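Undergrad: Just dropping this structure here.
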Amino acid sequence: MPADGKVKAQKQVTIYTDGSSHGNPGPGGYGVVMMHGPHRKEMNGGFRMTTNNRMEILAAIVALRALKPTHRCLVSIHTDSRLLVDAIGKNWLKKWQATGWRKSDKKPVLNKDLWLQLIQELRNHDVSFVWVRGHVGVQENERCDELANEAAYGPDLPADTEYELVVKNAEQ
């Protein structure tokens, strides 16, 4: 409790995220719209070779990293990724960790590197995930889609090094 004895209310932040990949795998991008009161921030980024699921997860990571970890926030992340919503809401992440990052079919969980980063970011805030149907006119979701596609088609995209390493090892 602060020295003045008053409890400070958590800042409420609404976030929309989206990911895209053209070719899946192919050039991909993510888009983020963050809102708090009158404040709004948009972010995006892309990679030359990646997948849609990687970009969906990365969008949430980027958004959470943009918040100050020293000021715990009440965060609502709206996404059209069922994978992301279900991994949290249905406790898949905890199950995957408990089973050595294996799914129920005993196959390895894809994108472990990003799931580990997301777990770390979730520790800093009180986060809920809300599924929204994509491409049905939800304004902020549509804006995230635009940002993700803009990034995916950007010039001189960097490598998604973790993904490209996995692909290279799988080909050997």
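Undergrad: So which residues in the range 102-133 are surrounded by 14 or more Cβ atoms within 10 Å (Cβ to Cβ) and more than 23 Å from V13 (Cα to Cα), if there are any at all?
TA: Scanning the range 102-133 gives V109, L110, N111, K112, D113.
Undergrad: Separate question: Go through the residues of the range 73-92 one by one and say whether even a single one is of a type in the set (G, A, S), assigned to a helix (DSSP H, G or I) and over 23 Å from N141 (Cβ atoms).
TA: no
Undergrad: Report, by residue number, each residue of the range 111-168 that is in contact with a helix residue (DSSP H, G or I) (Cβ under 9 Å, 6 or more places away or on another chain), farther than 13 Å from A63 by Cβ and aromatic (F, W, Y).
TA: Across the range 111-168, the qualifying residues are W115, W131, Y163.
Undergrad: Now a separate question. Filter the range 52-82 down to residues that are out of contact with any His (no Cβ under 7 Å at 6 or more places or on another chain) and among the basic types (K, R) and give me whichever is nearest to I119 (Cα to Cα).
TA: Selected residue: R65.
Undergrad: Being more than 13 Å from the chain's Cα centre (by Cα) and closer than 16 Å to S21 by Cβ is the requirement here; does T99 meet it?
TA: no
Undergrad: Return the pairs, sorted by first residue and then second, in which the second residue is part of a loop (DSSP other than H, G, I, E, B) and of a type in the set (A, V, I, L, M), the first residue lies in the range 114-134 and is within 19 Å of G19 (Cα to Cα), the beta carbons are less than 8 Å apart, and the residues are 6+ apart or on different chains.
TA: Within 8 Å, the pairs are W115/V109; V132/V138.
Undergrad: What pairs can you find where one residue is in the range 38-52 and over 13 Å from P158 (Cα atoms), the other is buried (at least 22 other Cβ atoms within 10 Å of the Cβ) and among the charged types (D, E, K, R), and their Cβ atoms are less than 9 Å apart, with a gap of 6+ or different chains?
TA: T51/D160
Residue-by-condition table, conditions (1) on the phi > 0 side of the Ramachandran plot; (2) assigned to a loop (DSSP other than H, G, I, E, B):
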residue	(1), (2)
Q120	no, no
G134	no, yes
D156	yes, yes
A170	no, no
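Undergrad: Something else about it: Taking the condition of being surrounded by 16 or more Cβ atoms within 10 Å (Cβ to Cβ) and either more than 12 Å from the chain's Cα centre (by Cα) or without any contact (Cβ under 8 Å) to a residue 40 or more places away in the chain (or both), how many residues in the range 63-75 meet it?
TA: 3
Readers should treat all values here as calculations from the given coordinates under stated rules, not as data from a laboratory. The structure displayed is predicted, hence computed values, not measured ones. A quick note on method: Cβ atoms are made from the backbone with ideal geometry, for glycine too, and the neighbour counts reach across all protein chains shown.
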